[in-house]
Amino acid sequence: MRACGYGCGQQTERDFVPGHENGAIQQRVREHFDGSTSAFLAWLDETLAMGVRASAAAG
Ligand SMILES: [Zn+2]
């Protein structure tokens, strides 16, 4: 068991309590893309096209 990745404080055997991964994504869309999922997807596609991944960015 581990803490849900959404930060809700619940314990789960997976990364998220079922459904909470969507909440985590929507939270970021609201904070960084003015609530626009299409803007988020455009940014994601653009970022992936550049070959930048989260693990690479950290290193
Ligand atoms: Zn949660």
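Laboratory data are not the source of any read-out in this text; all were calculated from the coordinates shown. Owing to the predicted nature of the structure, the values given are computational and were not obtained by experimental measurement. With ideal geometry, Cβ positions are generated from the backbone for all residues, glycine too; neighbour counts draw on all protein chains shown.
So the values come out like this:
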read-out	value
Global form of the chain, assessed from the alpha-carbon gyration tensor, a/c cut-off 1.5	oblate
Neighbourhood charge, 14 Å Cβ-Cβ cut-off, centred on Phe33 and excluding it, Lys, Arg +1 and Asp, Glu -1	-2
Theoretical ellipticity at 222 nm over the chain - DSSP helices of four or more residues, -39500 (n - 2.57) apiece, nearest 500	-16500 deg cm²/dmol
